[in-house]
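Derivation of every value follows stated rules applied to the coordinates shown; laboratory data play no part. Please read these numbers as outputs of a predicted model, since none were measured by experiment. Ideal geometry is used to build each Cβ from the backbone, glycine not excepted, and the neighbour counts take in all protein chains shown.
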Amino acid sequence: MDQLVIEGGHPLKGTIRISGAKNAALPILAATLLTGGTFRLRNIPKLLDIDTFIELLTDLGSRVRYNSDNGSDLCIDSSDLSDHEAPYKLVRRMRASILVLGPLIARLGRARVSLPGGCAIGARPIDFHLKGLELMGVNLQLKEGYVEARTRGLTGARIYFDIPSVTGTENLMMAGVLARGTSVLVNAAREPEVVTLGQMLSHMGAKIRGLGSSTIEIEGVKELRPVDWEIIPDRIEAGTYMMAPGAAGGRLIIKDVITGHLEAVISKLRSTGLQIDTDKTSISIKNRGTLRSVDVKTLPYPGFPTDLQAQIMVLMSLASGLSVITETIFENRFMHVAELRRLGADIRIEGRNAIIKGVRRLNGAPVMATDLRASASLVLAGLAARGTTTISGVHHLDRGYECMEQKLAAVNAKITREKRV
């Protein structure tokens, strides 16, 4: 297995370009199951999760190939689906595989999808998906670890989410576009990844209103058509690199972003004392010296994203004073704390709160990544730490960050990938 070796203490300088968003690409890949014909998807990031989803689509009978002229363009034709089952061997590797459930039911009237099981950062149940599908006329049975779903035809329904669910909203939106009548999703997720999926479905011929609001209306249509579509920039990757100068010092320019997707992050980082200048597609971040402590509470979009909680904890570990980070989305997302403590961070956990007392410096040590965003936080901590930090378990990082060590090395970070002995 690979590990990252980081020599800390080198201020960053230069430009980082942001890749396509993993969390936008995955539901869009699932949406190609809704109709036959060739889709062309542009700006696809090269990530382990994308590879897994492509393997799943191929397993279902889709023909998938990268465009030889542009390695980030993907062509997908699902005209001849040969299966309706998403097997455990693939779903266990990536929970987002559940996103094929809605499209398969909408198009084929049946689906057999393995239950995703547990997760390192919380249970993340799929109850919202299943209850919504039942309201739309789907007969569901749980057998031998699989969701078995059948319907003679989806019917529009009014579906209320107890809490906004991104994948739940996406799955039911994809089911609703081919249902008879109108579906209304109340307390729906508002994330940009949900919006861009809805926009793509609309270009395919779907009739959707209310994208970006908490109430989405979908009027079912009889058929859809394939489209060309570009994946939006990854706001979480951008937010992670925005925090890098706060940890390591220096100045970075982040290119190829949608600044409007990062308003909560920009506001919070400005409060720490970082100098941030923006236009529509780029962000400049400069470390002007001492970081100020700020309190952070993770919330559904447009609030501060849970996927950046671990990363801003690194900055608060180096800030003057006391800060509190409250995690409201997932119940078990503080596993990176033990590893940050190994580097010298002063952090105490009380329920869903992390109380952080800033220290003057972190010190390099061997650490282990426990999940995707935790691994990113350890990279930031390694950039800040005195001495050498060795991070194992970086396969987590490869699920969601394209070429992270190369991007950082290009802006003066001393970071290399090595085979673990």
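Tabulated data
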item	result
The stretch 191-269: C-alpha pair distances exceeding 21 Å, %	45
In Hz, Karplus ³J(HN,Hα) per residue of the stretch 306-314 (6.51, -1.76, 1.60; θ = phi - 60°; x = Gly, Pro)	4, 6, 10, 5, 5, 5, 6, 4, 4
Environment charge of LEU274, counting only residues whose C-beta is closer than 9 Å and scoring Lys/Arg +1, Asp/Glu -1	+3
FRET efficiency estimate (nearest 0.05) - Cβ-Cβ, ARG225 to THR326, R0 35 angstrom	0.20
Over the stretch 224-341, relative contact order from alpha-carbon pairs under 8 Å, at least 6 apart, %	23
Share antiparallel - DSSP beta bridges, the chain, percent rounded to 5	70
In the stretch 220-325, trypsin sites (Lys or Arg not before Pro) in a DSSP loop with at most 14 other beta-carbon atoms within 10 Å	LYS222, LYS280, ARG288
With Cα atoms, 0 to 90° folded angle of helix 166-176 axis to the chain main axis	20
Gain in span if fully extended, TYR160 to THR215, counting 0.36 nm per residue against the direct Cα distance	18.9 nm
Percentage relative contact order, the stretch 22-230, counting C-alpha pairs under 8 Å, at least six apart	21
Virtual spin-label span in nm between ARG341 and ASP256, 7 Å along Cα→Cβ	4.0
Diffusion constant of the chain at 37 °C, which comes from Stokes-Einstein with the Kirkwood Cα-pair radius and 0.692 mPa s, µm²/s	149
In degrees, nearest ten, helix 22-31 long axis to first principal axis of the chain (Cα)	10
Label-point separation, ARG150 to ASP59 (7 Å along Cα→Cβ), nm	2.3
Whole-number percent relative contact order across the stretch 371-421, with pairs defined as alpha carbons under 8 Å at least 6 apart	36
Using a Förster distance of 41 Å, the FRET efficiency for GLU418-VAL359 (Cβ separation, nearest 0.05)	0.90
Packing-based order for 313-326, 9-22, using average beta carbon neighbours within 10 Å, highest first	313-326, 9-22
P(r) histogram, all alpha-carbon pairs of the stretch 22-230 included - 5 Å bins from 0, percent	1, 8, 17, 22, 23, 17, 10, 2, 1, 0
Equivalent-ellipsoid semi-axes of the stretch 253-346, from the Cα gyration tensor, Å, largest first	23, 17, 11
Cβ-Cβ FRET estimate between ARG42 and THR281, R0 fixed at 22 Å, reported to 0.05	0.85
Mean Cβ neighbour count within 10 Å, used as a protection proxy, ranking 134-142, 91-99 highest first	91-99, 134-142
DSSP beta bridge pairing in the stretch 22-230, given as percent antiparallel to the nearest 5	75
Gyration tensor (alpha-carbon) shape descriptor, the stretch 36-106, a/c threshold 1.5	oblate
Evaluated over the stretch 304-354, the Cα radius of gyration and Dmax, each in Å	10.2, 27
³J(HN,Hα) computed for each position of the stretch 375-391 - Karplus, 6.51 cos²θ - 1.76 cosθ + 1.60, integer Hz, glycine/proline x	5, 5, 5, 5, 5, 4, 5, x, 5, 8, 6, 7, x, 10, 10, 10, 10
Distance between modelled label sites at ARG288 and THR388, nm, 7 Å Cα→Cβ extension	3.7
Antiparallel DSSP beta bridges within the stretch 148-269, percent to nearest 5	65
Loop sites in the stretch 167-271: GluC sites (Glu not before Pro), DSSP, at most 13 other Cβ within 10 Å	GLU223
